[in-house]
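**Student:** Here's a structure for you.
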Amino acid sequence: MSLLENYSGPALSISGLGKVYGNGFVALKDINLQVAQGDFFALLGPNGAGKSTTLGIVSGLVNKSQGQVSLFGHTLDGDGGGDVYAAKRLLGVVPQEFNFNQFEKVQDIVITQAGYYGIPYQQAKRRSEKYLKALGLWDKRDIPSRMLSGGMKRRLMIARALVHDPRVLILDEPTAGVDIELRQSMWHYLKQLNEQEGVTIILTTHYLEEAESLCKNIAIINHGVIVKNTSTRALLQELQQQTLVVDLIQPYPQRPKLTSVPLHWLDDSCFEVEVKKGVAINELFQAFSQANLLVSSIRPKSNRLETLFVDLVRK
Ligand SMILES: Nc1ncnc2c1ncn2[C@@H]1O[C@H](COP(=O)(O)OP(=O)(O)OP(=O)(O)O)[C@@H](O)[C@H]1O
Ligand SMILES: [Mg+2]
């Protein structure tokens, strides 16, 4: 693709972005973000933080009040020259709300979308087959979209967003209301798209454990301000301590105490223990062994990212 041949800068660059809605509500204040090519990037934040507003501006669905958005080095507003048009073609968008024609058939929805990009009919048909199959919707291709379940509608939104083979895929809560099994298969598919096809993925989600396990970089937005923008790894390292829940093989009615670390017994065969950042948990196991506590399982009390997230957005 000629637009990308000699370009190694970020896929998406947002600088000084502000949004004041018509009623005077300030939704975004000076947002600065960069998403590298090939990144798997999560924009997290509580309800009303400004995630959809940000992604809506990038997708051209919402007008910005100030600042700049560039895709592959091309500013998205301005005179709309040929390169800007080509840059926009590299973007696929899955909005938070279903916005397809409820009466149109599933495959037709995907083919119609291809038409907006000038993709010839036969090719559009092949692509729609490829993506509907990949997203497990092929056997539903001939029914009106209103007859799909909620999770199927989400997947249809993804198939439609992919039909022009975008290099950046923006997904606003793609797994909202999707059951666990399906959610895992959707994330698996997105991961594959990112790793094998090199598609840059930017998404919002309220499922922090998924962001933690899949995304390379995370930004957290609160009240229209970016409060964190770093790698997932660095974010997790910021946690000063975590709580582990330890289950024992048998009950210990005497609930022994350890000198090295306080145990918070939940019942006779289970306790919680706090582990400080940088402390190897091997030492814990030695202490357990010395006290003859036989451990059957050990797990984090809550998702680590969740702890940090709640802390950051509490203000
Ligand atoms: N058209 C609008 N007019 C006025 N205010 C709006 C409009 N759209 C959104 N807002 C407000 O802007 C703020 C940010 O909304 P946005 O949809 O970006 O949040 P979000 O982070 O996507 O939240 P959620 O997690 O609930 O989807 C909210 O307070 C919302 O009420
Ligand atoms: Mg939203």
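**Student:** Cα-Cα pairs above 26 Å in the range 2-234: how many percent? Please list the in-between numbers first.
**Tutor:** Values: 9897 of 27028 pairs.
Considering the range 2-234, 37 percent of its Cα-Cα pairs are separated by more than 26 Å.
**Student:** Quick one: what does P(r) look like for the range 239-313 with 5 Å bins over all Cα pairs, in whole %?
**Tutor:** Values per bin, smallest distances first: 3, 15, 27, 25, 15, 9, 5, 2, 0.
**Student:** Counting only heavy atoms of protein chains, what accessible area per residue, in Å², does the range 239-313 have with a probe of 1.4 Å?
**Tutor:** So the range 239-313 comes to 62 Å² accessible per residue, rounded to a whole number.
**Student:** Related question: Can you order the peptides 168-177, 55-64 by their average number of other Cβ atoms within 10 Å per residue, highest first?
**Tutor:** Final packing ranking: 168-177, 55-64.
**Student:** Taking a cut-off of 24 Å, what percent of all Cα-Cα pairs in the range 101-237 are separated by more than that? Could you put the intermediate results ahead of the total?
**Tutor:** Details: 3226 of 9316 pairs.
Percentage above 24 Å: 35.
**Student:** Still on this structure, I have one more. Per residue of the range 283-297, what does 6.51 cos²θ - 1.76 cosθ + 1.60 with θ = phi - 60° give for ³J(HN,Hα)? Whole Hz please, x for Gly and Pro, Karplus curve as stated.
**Tutor:** After applying 6.51 cos²θ - 1.76 cosθ + 1.60, I find 4, 4, 4, 4, 5, 4, 4, 4, 8, 6, 8, 9, 8, 9, 7 Hz.
**Student:** Can you give the calculated 222 nm mean residue ellipticity of the chain, where each DSSP H run of n ≥ 4 adds -39,500 (n - 2.57) and the sum is split over every residue, rounded to the nearest 500 deg cm²/dmol?
**Tutor:** -10000 deg cm²/dmol
**Student:** Also, I was wondering about something else. Rank these residues by their accessible area, most exposed first, probe 1.4 Å: Ile220, Ile298.
**Tutor:** From most accessible down to least: Ile298, Ile220.
**Student:** Using the alpha-carbon atoms, what tilt in degrees (0 to 90, nearest 10) does helix 150-162 show relative to the longest principal axis of the chain?
**Tutor:** 50 degrees
**Student:** Taking only protein heavy atoms into account and a 1.4 Å probe, give the accessible area per residue of the range 2-234 in Å².
**Tutor:** On a per-residue basis, 45 Å².
**Student:** Sort His264, His223, His164 from largest to smallest accessible area, using a 1.4 Å probe on the heavy atoms of the protein chains.
**Tutor:** Sorted descending by solvent-accessible area, the residues read His223, His264, His164.
**Student:** Would you please give the FRET efficiency between Tyr121 and Asn6, computed as 1/(1 + (r/R0)^6) with r the Cβ-Cβ distance and R0 = 35 Å, to the nearest 0.05? List each step's numbers first, then the result.
**Tutor:** Values: r = 33 Å, r/R0 = 0.95.
The computed FRET efficiency comes out at 0.60.
**Student:** Could you work out what % of the accessible surface of the chain is carbon and sulfur, using a 1.4 angstrom probe and leaving DNA, RNA and ligands out of the count?
**Tutor:** Carbon and sulfur atoms account for 48 percent of the accessible area of the chain.
**Student:** Under 20 Å from the 7 Å Cα→Cβ point of Ser231, by amide nitrogen: which residues of the range 29-45?
**Tutor:** Answer for the range 29-45: 33-44.
**Student:** For Lys153, which aspartates and glutamates qualify as cross-link partners when the Cα separation must be under 17 Å and same-chain residues fewer than eight apart are set aside?
**Tutor:** Glu97, Glu104, Asp108, Glu129, Asp139, Asp142, Asp172, Glu173, Asp179, Glu181
**Student:** So how tilted is helix 180-197 from the main axis of the chain? Cα-based, degrees 0 to 90, rounded to 10.
**Tutor:** Compared with the principal axis, the helix lies near 60 degrees.
**Student:** In debye, nearest 20, what is the charge dipole magnitude of the range 2-234 about its Cα centre with +1 on Lys and Arg Cβ and -1 on Asp and Glu Cβ, if you could check?
**Tutor:** With only Lys, Arg, Asp and Glu charged at Cβ, the dipole is about 300 debye.
**Student:** Let me ask something else about it. At a Förster distance of 22 Å, what's the computed FRET efficiency of Ala86 paired with Leu61, Cβ-Cβ distance as r, to 0.05?
**Tutor:** My answer for the efficiency is 0.65.
**Student:** Can you compute the FRET efficiency between His206 and Lys276 using 1/(1 + (r/R0)^6), with r the Cβ-Cβ distance and R0 = 22 Å? Round to the nearest 0.05.
**Tutor:** The value I calculate is 0.15.
**Student:** Follow-up question, since we're still on this one. For the chain, give the share of DSSP beta bridges that are antiparallel, in percent and rounded to the nearest 5; count only bridges with both residues there. It would help to have the intermediate numbers written out before the result.
**Tutor:** Working: 35 of 52 bridges.
That works out to approximately 65 percent antiparallel.
The values are calculated or read from the model by the stated rules, or taken from the named source; none is laboratory data. Bear in mind that the values here come from a model prediction, so they are computed numbers and not experimental data. Positions of Cβ are generated from backbone atoms using ideal geometry, with glycine treated the same way; all protein chains shown enter the neighbour counts. For the accessible areas, the whole protein counts, side chains as well, though only heavy atoms, and no ligand, DNA or RNA atoms are used. Shrake-Rupley method; radii C 1.70, N 1.55, O 1.52, S 1.80 Å.
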